[in-house]
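Since the structure comes first, as structure tokens, the remarks are kept for the end.
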Amino acid sequence: MRLLAATTTIVLGVMLAFAAASHSSARAATSPFVAGDQLVYAITSELQQHHVRGGSKSQDKVAESSAQGTATFTVYSIGADGTAYATVAFDFKGLNQGQPVEFQSVTPGKILPDGQLRTKAQVGLGISDAIGAANTTAGEVAQNGLLAVGKTWTNASKTPFLVLTVTRRIVGRTNYQGFTAYALQSAGTGTLLKTADGQPTSGTITVSGTTYYDSQDRLLIGEALRTLTVVQQSGSGSSHDDYSAEFNVVLNGWTHASPVPAQNQGLEGTQVSPQPLETSAAPTPTPLLNAPTPYPTVTPRFGP
């Protein structure tokens, strides 16, 4: 049984529903970035499936995967609309059904004017899903214009696989490494219509999370997101599949490129050397206190 593949496919369905409800309308603007800037996002994902069979001999088959690492965006040019074009280096370790996985790769990417993080290559174990979910939130925040504590909006969407309604609410502001970030809470519920292979089914979906967004620099600071999908087995009142996912995307640091010294301006081949900012520990976004609780997931440790 392709348990974790099915988990990822259903999570993608949730992300597609988010995307259907959000249309980025970021205006052309001066980018907060310059060539040579480097942004490092720490990303973790945990995927889990429970295949539960009831009856006289109850059974719970569990499959898990997880990954943790960084996506480093190194900006090399700025487009006329404010898009920052970058190379993106992935560096991740993880477990896939008990087997260790490690991967590093480099791909073209960009940071859109509304803070969305785009990469040409897609990576598994939930990493690209985590980025995609955070992108959808960033796009919605930018689309909603002037932000203020207490502002709320709701999106209802439908795909061939599910219907989903998500409510977003700005609940506060916080300071982080010189950024003023709005805290946005998300809560959603939905109904499953089809399985990953297109078969009619019934099931429920819950989504919850917290996102931090710097509206001045139009920058994603972090997001924690949970999804839980419960699929009822056809013809059974006690057998079901539970799919849970937990994603975290957090800005670890923004290294600004040093300005070119005045005496070197105009010289061909001048190198711009990145100069790190003074940094402090990145905050970890926390889900809603009343969020649906997925089944317990074990976070693996790497190294000694």
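Residues in the range 156-187, backbone N under 15 Å from the label point at Leu147 (7 Å along the Cα-to-beta-carbon vector): list them, ranges by number please.
168-186
For Gly209, what is the net charge nearby, where nearby means another residue's Cβ is under 15 Å from its Cβ and Lys, Arg count +1, Asp, Glu -1?
On the way: positive: Arg168, Arg169, Arg226; negative: Glu46, Asp129, Glu140, Glu223, Glu246.
In short, -2.
Once fully extended, how much extra length lies between Ala121 and Ala80, figured as 0.36 nm per residue of separation less the alpha-carbon to alpha-carbon distance? Please report the intermediate quantities before stating the final value.
Working: separation 41, 0.36 × 41 = 14.76 nm, distance 2.38 nm.
12.4 nm is the gain from fully extending Ala121 to Ala80.
Once you place label points 7 Å from the Cα toward the Cβ at Thr70 and Ala35, how far apart are they in nm?
Modelled inter-label distance: 2.4 nm.
Can you work out the Karplus-derived ³J(HN,Hα) for every residue in the range 210-222? Use 6.51 cos²θ - 1.76 cosθ + 1.60 with θ = phi - 60°, whole Hz, and x for glycine or proline.
9, 10, 10, 9, 8, 6, 5, 8, 6, 10, 6, 8, x
Please report the net charge: other residues with Cβ closer than 14 Å to the Cβ of Thr152, K and R +1, D and E -1. Show your work: numbers first, answer last.
Details: positive: Lys151, Arg168, Arg169; negative: Glu140.
Surrounding charge for Thr152 is +2.
In whole Hz, what ³J(HN,Hα) sequence does the range 81-93 give by Karplus (6.51, -1.76, 1.60; θ = phi - 60°), x for Gly and Pro?
Going residue by residue, I get 8, x, 5, 9, 8, 8, 9, 10, 9, 8, 9, 9, 10 Hz, with x marking Gly and Pro.
What is the range 92-243 by shape, rounded, prolate or oblate, if you read a ≥ b ≥ c off the alpha carbon gyration tensor as root eigenvalues and call it rounded for a/c under 1.5, prolate for a/b larger than b/c, and oblate otherwise?
On the way: a/c = 2.19, a/b = 1.35, b/c = 1.62.
Since a/c reaches 1.5 but b/c is at least a/b, the shape of the range 92-243 is classed as oblate.
Kindly rank 168-176, 132-140 from highest to lowest mean number of other beta carbons found within 10 Å of each residue. Before the final figure, lay out the partial values.
Values: 168-176: 15.1, 132-140: 25.0.
The most tightly packed comes first, giving 132-140, 168-176.
Quick one: grab the alpha carbon gyration tensor of the range 52-145, order the square roots of its eigenvalues as a ≥ b ≥ c, and give me rounded if a/c is under 1.5, else prolate or oblate depending on whether a/b is larger than b/c.
Values: a/c = 5.07, a/b = 1.86, b/c = 2.73.
Oblate, because a/c is 1.5 or more while a/b does not exceed b/c.
With a sphere of radius 13 Å drawn around the Cβ of Gln104, what net charge do the other residues whose Cβ falls strictly inside it have (Lys, Arg +1; Asp, Glu -1)?
-1
Pull up the cross-link candidates among the lysines for Lys120, meaning alpha carbon to alpha carbon under 19 Å and not fewer than 8 places away within one chain.
Lys110
Readers should treat all values here as calculations from the given coordinates under stated rules, not as data from a laboratory. All values reported here derive from a predicted model rather than from experimental measurement. As a convention, Cβ positions derive from the backbone with ideal geometry for all residues, glycine included, and neighbour counts pool all protein chains shown.
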